[in-house]
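One structure below.
The values are calculated or read from the model by the stated rules, or taken from the named source; none is laboratory data. Quick caveat: nothing in here was measured; it's all calculated off a predicted structure. Ideal geometry is used to build each Cβ from the backbone, glycine not excepted, and the neighbour counts take in all protein chains shown.
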Amino acid sequence: MDYTVSRRAFMTNLQLFLAVGLPILAVLSSLTVSMLQVSGIREDMRGMRADFREDLRGVREDVRGIRTDLTTLTGKVIEIDNRLTRIEERMERR
């Protein structure tokens with residue numbers, strides 16, 4: 001069969017399918033790989049978020065403990081101040 005018309009060659013169906021189909025297949029496969037990577041990154045971020053929340057809970061518990069200790073220390077300082085005031089008053093009477 002002669003596929004030439006006035007010195008021009010026509011593409012066969014196979015050549016056309018390869019010329020159009022292979023680039024489309026390459027683009028679709030790269031999109032699929034990209035979507036898998038994005039999905040993996042998303043899962044990693046979820047794991048990191050859960051770890052961060054757990055760490056934040058620990059920090060909050062530590063801050064609560066510090067607040068409790070600070071309240072206790074403030075009470076002790078006030079108690080010592082009251083005792084010192086009484087001692088000063090006794091010293092002034094003498």
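The residues on offer are 18, 14, and the sole one that is exposed (fewer than 10 other Cβ atoms within 10 Å of the Cβ) and at pLDDT below 95 is 14.
Would you confirm whether or not segment 3-26 contains a residue that is part of a loop (DSSP other than H, G, I, E, B) and on the phi > 0 side of the Ramachandran plot? Yes.
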